[in-house]
Amino acid sequence: MEKLEKLLEWGGWKKDAALLAASGAALALSLAGASPFPFDAAWAAIILCGIPILLEAFIGLVTRFDIKADVLVSLALIASVAIGETFAAGEVAFIMQLGALLEDLTVFKARAGIERLVRLTPRTARVVSGTEERVVSAQDVRVGDIVRVLPGETVPVDGVIVSGKTSIDQSVMTGESMPVDKTEGDEVASGTVNQFGAFEFRAARVGEDSSIQRMIRLVQSADAGKAKIVRLADRWATWIVIAALTAAAATWLVTGEIIRAVTILVVFCPCALVLATPTAIMAAIGNASHHGLLVREGDALERLAGVKTVAFDKTGTLTCGTPRVAAVESVSPELSREELYRLAACAEKRSEHPLGKAVVRCFREESGSVPEPDRFEMIPGRGVCASAGRRAVLAGNEALLSERGAAPGPELLAAAQRYLDEGCTVIYLAVDGRAAGLAALSDTLRSDAAETVDGLRRAGVQPVLLTGDHENAARRIAAQTGISDVRADCLPEDKLAFIDAHRAGGVCMVGDGINDAPALRLATVGIAMGGVGSDIAVDAADAALVNDDIRELPHLFRLSRRMMRTIRWNLTFSMALNFIAVALAAAGILNPVFGALVHNAGSVFVIAHSALLLRWKARPQ
């Protein structure tokens, strides 16, 4: 049986298209009566298109007793050939394979997300024993080993820092837009990236227990647990087969004419039913592509039509994912806000820290060039110390200012707390040994985020904010966008649990980071940010916003529902036409050839009606 199944693997949709082209040419020759062969050219279509259908039907019945649309088509093919109606048999086989090709085109994709995660996994680790450092495979690290990580390297396993200070980019695991300062006693996770100072940590979770390996298993389990849409024709195939056989048998018994029974089998073939879904899906996918939406899953739009909840990641999805200076505040009467901002930008000009770079970038956008510091010192896990125009400047966290004798006073701490409550990150500033003020940085909201959320709500979808960022930052963004349901401090497992809990009612996940990949995979429909999003997130999703234009999301939801209405109209028309054709066939008015032509008129209507979706656009509400 495995050998028979292998015979059905035609080598991809390009080869199928070539065979269909040859079959179509053969049918044209047969209809014109100009066959170059010593036999009817329709046999070429029967062999090229019909044999795979017969094999598929046989395998399904014998191995799984699974009645699909192929069973009825096989009966019609065999009956037509038996009474010499080869053109009708070839035409039916051709139409059915055309529908299969369209389905293959809609679901054709390449999945590389899990492979990318595997490549992301660190391969080596620096294990320290006394004064000796050995580079070993990350898989050979044992619990309790002391591991050293240099600037720019990826943390190989999970553990707790025992010496050193640094900043860690944790976006791979939490989606946080800002790097997190780490010192002795803090935990680090595998797959995260060390930004600055070297540090040593004690391994706590290694091998399959490490964070990055758990992420890989989450994506794999999400893929296995995702429901697959069954083709509409196959869903109703059992009843169609029963109805067709009953009608054909009854007609034969009453009239005694086998040709009428065969004609009923031919016109009852669900060609239009097979074409109803893939043609509408392909047209809708073409429409979506014009709006900057790349739909990678063939049945994603069919699933999207039933979605009631859409969960947004925050960083890089509703926000731009890039820190910006939200405010600079001076508490020193000797320094204006502008002068303090200039000194902070000068101090941070040589910094490699993302927050320091953000200060420099934003100052340039506001005021122009940034002066060079006379002296610069990077202090991992604390900040920077620099001289700018004869003035000593400290820029960093509260601990840096306290250690250098410039501890922030109550006024500065109160101002900082206000910004922290709004979800900002604060850089404390000291000038000439005295606390002078602060710079507050935050991730900026996309200009179209609130409009998008409102559009989705008017489309009947409930938005939810699902983020690994802190509560304050999440609440601030939710308030600005109008989202009332907020879930903060979410790990990948937490996002996956939320998606799993809401899958029964239909849930869409919109995200951009690697940490979103499991949720994107498990969701009824996953939509990734194609521009700023990671390749792994895009690979895990069913669709991607090519230009990160989230304003198109409401259109996509409405398009999916319009597509389903189109499919239902297609089905209604084609089935009505089939029943009329059955009545005409039973009355002896149609023979198999004309019956096939009449019933395939339904297929032409389906294709034309579906094509209207290409230019469809929802009216403004």
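The values are calculated or read from the model by the stated rules, or taken from the named source; none is laboratory data. Keep in mind that what you see is a predicted model, and the values were worked out from it rather than measured. Every residue, glycine as well, gets a Cβ built from its backbone with ideal geometry; the counts of neighbours run over all protein chains shown.
A few notes on this one:
- Only one of the listed residues (T444, T425) is in contact with a Lys or Arg (Cβ under 7 Å, 6 or more places away or on another chain) and at pLDDT below 90. That residue is T444.
- Test: residue in region 412-430 that is out of contact with any helix residue (DSSP H, G or I) (no Cβ under 8 Å at 6 or more places or on another chain) and at positive phi: no
- When A435, A395 are checked against the criterion of being touching a helix residue (DSSP H, G or I) at 6+ places or on another chain (Cβ under 7 Å), over 16 Å from G356 (Cβ atoms) and in contact (Cβ under 8 Å) with a residue 12 or more places away in the chain, a single residue qualifies: A435.
- Leading residue by the ranking (surrounded by the most Cβ atoms within 10 Å (Cβ to Cβ)) among those in region 428-449 that are closer than 29 Å to T467 by Cβ and out of contact with any strand residue (DSSP E or B) (no Cβ under 8 Å at 6 or more places or on another chain): D448
- Residue among A459, A519 that is among the small types (G, A, S), touching a residue at least 40 places away in the same chain (Cβ under 8 Å), in the same structural domain as E552 (by TED's automatic domain parsing) and closer than 17 Å to A541 by Cα: A519
- Considered as a group, the residues in region 290-301 that are assigned to a helix (DSSP H, G or I) and under 15 Å from the mean Cα position of the chain (by Cα) include one that is modelled with the highest pLDDT, and that residue is L301.
- Residues satisfying the stated conditions in region 302-322, i.e. at pLDDT below 85 and crowded, with 23+ Cβ neighbours inside 10 Å: K314, T315, G316, T317, T319
- Qualifying residue in region 395-409 (condition: in the same structural domain as L335 (by TED's automatic domain parsing), part of a helix (DSSP H, G or I), under 42 Å from the mean Cα position of the chain (by Cα) and among the acidic types (D, E)): yes
- Evaluation of A345 against (1) touching a residue at least 60 places away in the same chain (Cβ under 8 Å); (2) surrounded by 23 or more Cβ atoms within 10 Å (Cβ to Cβ); (3) more than 30 Å from F87 (Cβ to Cβ) (one fails), failing number: (1)
- In the condition set (1) out of contact with any Pro (no Cβ under 6 Å at 6 or more places or on another chain); (2) closer than 30 Å to P518 by Cβ; (3) of a type outside the set (G, A, S), V328 is compliant with all but (2).
- Filter result for R382 (among the charged types (D, E, K, R), in contact with a helix residue (DSSP H, G or I) (Cβ under 8 Å, 6 or more places away or on another chain) and at pLDDT below 90): yes
- Against the criterion of being under 39 Å from the mean Cα position of the chain (by Cα) and either modelled with pLDDT of 80 or more or in the same structural domain as R260 (by TED's automatic domain parsing) (or both), A576 qualifies.
- E366 modelled with pLDDT of 85 or more, surrounded by fewer than 24 Cβ atoms within 10 Å (Cβ to Cβ), part of a loop (DSSP other than H, G, I, E, B) and in the same structural domain as C385 (by TED's automatic domain parsing): no
- Restricting region 183-225 to residues that are at pLDDT 75 or above and among the basic types (K, R), the residue that is farthest from E133 (Cα to Cα): R205
- If the condition is being among the polar types (S, T, N, Q) and touching a Ser or Thr at 6+ places or on another chain (Cβ under 6 Å), then region 277-291 contributes only T279.
- Test for L496: is it within 30 Å of V360 (Cβ to Cβ), out of contact with any Asp or Glu (no Cβ under 8 Å at 6 or more places or on another chain) and touching a residue at least 40 places away in the same chain (Cβ under 8 Å): no
- Any chance L400 is out of contact with any His (no Cβ under 8 Å at 6 or more places or on another chain), more than 25 Å from F199 (Cβ to Cβ) and buried (at least 20 other Cβ atoms within 10 Å of the Cβ): no
- Scanning region 369-388 for residues that are under 15 Å from L343 (Cβ atoms) and surrounded by fewer than 22 Cβ atoms within 10 Å (Cβ to Cβ) yields S369, V370, P371, E372, D374, R375, F376, C385, S387.
- When the residues of region 178-199 are filtered to those that are out of contact with any strand residue (DSSP E or B) (no Cβ under 6 Å at 6 or more places or on another chain) and surrounded by fewer than 20 Cβ atoms within 10 Å (Cβ to Cβ), the one that is farthest from K314 (Cα to Cα) is A198.
- From the options I536, I527, residue that is crowded, with 17+ Cβ neighbours inside 10 Å and modelled with pLDDT of 80 or more: I527
- Which numbered condition A326 fails, given (1) surrounded by fewer than 23 Cβ atoms within 10 Å (Cβ to Cβ); (2) in contact with a Ser or Thr (Cβ under 6 Å, 6 or more places away or on another chain); (3) without any contact (Cβ under 8 Å) to a residue 40 or more places away in the chain: (3)
- Test result for V71, among the aliphatic types (A, V, I, L, M), within 21 Å of A243 (Cα to Cα) and at pLDDT below 75: yes
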